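Report on the following structure.
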Amino acid sequence: MNNTEKVYNEEYIPYIVKWGKSLGLLGVVISFLPIMVLSFIYNITPSFGSIIAGAVAIWSSIAAFWVVEPISYYPILGIPGTYLAFISGNISNLRLPASAVAQEAAGVEPGTPKGSIISTLGISTSILINVTFLTIGVFAGSAALESLPNIVTNALDYILPALFGAIFANFAKDRPKIGGVALSISIIMTLLMNKGYLSFLPGIPSYAVIIVSVFGTIYISKKLFENGIIE
């Protein structure tokens, strides 16, 4: 281990983890402030049954993301980038693409100390730009969108799918076999869900598509590496 790696592992990462945990917990507390204000100041509190019903509805649709997102995003984001992304939000449509593009532009490998640092720079820049344009959008966004023709506003619905496709293509071109595995599993699982074969699962079964696609790709890719089919 050279001196740079030693500083990264023994000084930089512990410092990031310390503040990342603290700010993450602070973010959790702040997220409950609106509820606390409504409850304790304005005495607006739903019934216990309503709270449980709402919680179950949310858990059934997004609980899978609590497991899948940290695992699937971490190799690209790195430790510092993971803290930044999960505190700032908009991970899949902003932070992840910013991290991936920054690392590709810098010519560094994701999952390495260099990749982690470049990822942090890319995510930090995206947060600054995002907050700036979001602030502008709060005051001018509605008026600007209303002045656009329908063909443009309708096209905005395709931004996120196009972004996901671009991210997939960016990584799949370097590992086409893994990309083929991931695409095949996701298509099969999506077809099974659309045909109703996953209806026996509780809630909206889209989480099953995500879990099987992510962990299925990881498992098959691991086997392909072990058997020397891919390097």
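The values are calculated or read from the model by the stated rules, or taken from the named source; none is laboratory data. Given the structure is predicted, the values throughout are model-derived calculations rather than measurements. Here the Cβ is made from the backbone with ideal geometry for all residues, glycine too, and neighbour counts use every protein chain on show.
Given the condition over 22 Å from ALA166 (Cβ atoms) and either in contact with a helix residue (DSSP H, G or I) (Cβ under 7 Å, 6 or more places away or on another chain) or touching a residue at least 40 places away in the same chain (Cβ under 8 Å) (or both), answer yes or no: does some residue in the stretch 121-129 qualify? Looking for residues that are over 22 Å from ALA166 (Cβ atoms) and either in contact with a helix residue (DSSP H, G or I) (Cβ under 7 Å, 6 or more places away or on another chain) or touching a residue at least 40 places away in the same chain (Cβ under 8 Å) (or both), one finds none in the stretch 121-129, hence no. Checking each residue in the stretch 30-54 for being exposed (fewer than 10 other Cβ atoms within 10 Å of the Cβ) and more than 28 Å from the chain's Cα centre (by Cα) picks out ILE41, TYR42, ASN43, SER47, PHE48, GLY49.
For the stretch 142-170, a tally of residues being surrounded by 11 or more Cβ atoms within 10 Å (Cβ to Cβ) and not in a helix (DSSP H, G or I) returns 1. Answer yes or no: is there a residue in the stretch 182-202 that is surrounded by fewer than 15 Cβ atoms within 10 Å (Cβ to Cβ), in contact with a helix residue (DSSP H, G or I) (Cβ under 8 Å, 6 or more places away or on another chain) and at pLDDT below 85. For the stretch 182-202, residues surrounded by fewer than 15 Cβ atoms within 10 Å (Cβ to Cβ), in contact with a helix residue (DSSP H, G or I) (Cβ under 8 Å, 6 or more places away or on another chain) and at pLDDT below 85: present. Summed over the stretch 22-32, residues that are free of Cβ contacts under 8 Å to residues at least 60 places away in the same chain and either closer than 30 Å to THR217 by Cβ or not in a helix (DSSP H, G or I) (or both) total 1. Of all residue pairs spaced 6 or more apart or on separate chains, those with beta-carbon atoms under 7 Å, a first member in the stretch 44-57 that is more than 15 Å from PRO202 (Cβ to Cβ) and a second member that is small (Gly, Ala, Ser) are THR45/SER39.
Would you point out which residue out of ALA102, ALA63 is surrounded by 12 or more Cβ atoms within 10 Å (Cβ to Cβ), of a type in the set (Gly, Ala, Ser) and within 30 Å of LEU201 (Cβ to Cβ)? So the residue among ALA102, ALA63 that is surrounded by 12 or more Cβ atoms within 10 Å (Cβ to Cβ), of a type in the set (Gly, Ala, Ser) and within 30 Å of LEU201 (Cβ to Cβ) is ALA63.
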